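Reading through the structure tokens given below for one structure.
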Amino acid sequence: MTLRDAVIGDIDALMAIERASFSVPWSEGSVFREIGADDGIFLVAERESRVVGFAIARLTVPDAELLNLAVEPQSRGFGVASELLREILARLETRGVTAVYLEVRQSNDAARRLYERHAFESVGRRRRYYDEPTEDAIVMRREIL
Ligand SMILES: CC(C)(COP(=O)(O)OP(=O)(O)OC[C@H]1O[C@@H](n2cnc3c(N)ncnc32)[C@H](O)[C@@H]1OP(=O)(O)O)[C@@H](O)C(=O)NCCC(=O)NCCS
């Protein structure tokens, strides 16, 4: 598996993963805007020249927010998200970030376990943050030392 920066040519593969992963997917325009953004990091994971997952962070140094993370359904459970997370955290560190925040659906056990394994801690809750279904978000935070 290789990790690299997202490019415009990835948009169809990214949207297919986004739509397969979320009940309220980001629009194509929203994904497009994050590609090559100065204040962000947009990584894709590629296996045999196929995009299988991606991660997006936005920087407001010294903080950053993990905005989106998804792996195509058939490639889950093989450590793709862990690799994306490891690399994005390393890159954030080189850009002076000391704390990373994210929001996750309360019921999203796979994602919450993943984040906990990567040393994120729950620090808050946003009530009724998500639609379809309506659900609280858990706010998680990890320091980069
Ligand atoms: C959450 C998500 C990104 C995780 O992606 P993933 O690539 O499956 O994650 P990983 O493989 O790194 O870790 C997931 C599990 O696979 C296991 N795993 C890791 N490497 C493995 C391997 N080589 N063989 C078998 N299992 C493995 C991990 O131990 C982990 O197991 P656990 O959750 O039971 O403890 C993915 O499920 C997804 O895209 N979900 C929909 C979108 C989403 O919810 N995104 C997060 C929004 S906040």
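Quick note: the coordinates plus some simple rules give every number you see, no bench work behind them. All of these numbers come straight from a predicted model, not from anything done at the bench. Cβ sites come from the backbone with ideal geometry, for glycine too, and all protein chains shown count toward neighbours.
For segment 34-83, the set of residues classified as exposed (fewer than 14 other Cβ atoms within 10 Å of the Cβ), away from the ligand (no atom under 13 Å from the Cβ), of a type outside the set (Gly, Ala, Ser) and more than 17 Å from Leu102 (Cα to Cα) consists of Asp38, Glu48, Arg50, listed by residue number.
Within the span defined as segment 37-46, one or more residues are farther than 25 Å from Ala110 by Cα and out of contact with any Ser or Thr (no Cβ under 9 Å at 6 or more places or on another chain). The sole residue among Arg117, Arg105 that is over 18 Å from Leu14 (Cα atoms), within 8 Å of the ligand (Cβ to nearest atom) and touching an Asp or Glu at 6+ places or on another chain (Cβ under 6 Å) is Arg105. Of all residues in segment 87-104, those being under 13 Å from the mean Cα position of the chain (by Cα) and either part of a loop (DSSP other than H, G, I, E, B) or farther than 13 Å from Leu43 by Cβ (or both) number 5. The residue that is nearest to Glu28 (Cα to Cα), counting only those in segment 56-85 that are touching a residue at least 24 places away in the same chain (Cβ under 8 Å) and of a type in the set (Ser, Thr, Tyr), is Ser75. Within segment 5-32, the set of residues being more than 13 Å from the ligand (Cβ to nearest atom) and either under 14 Å from the mean Cα position of the chain (by Cα) or surrounded by 13 or more Cβ atoms within 10 Å (Cβ to Cβ) (or both) comprises Asp5, Ala6, Asp10, Ile11, Ala13, Met15, Glu28, Ser30, Val31, Phe32.
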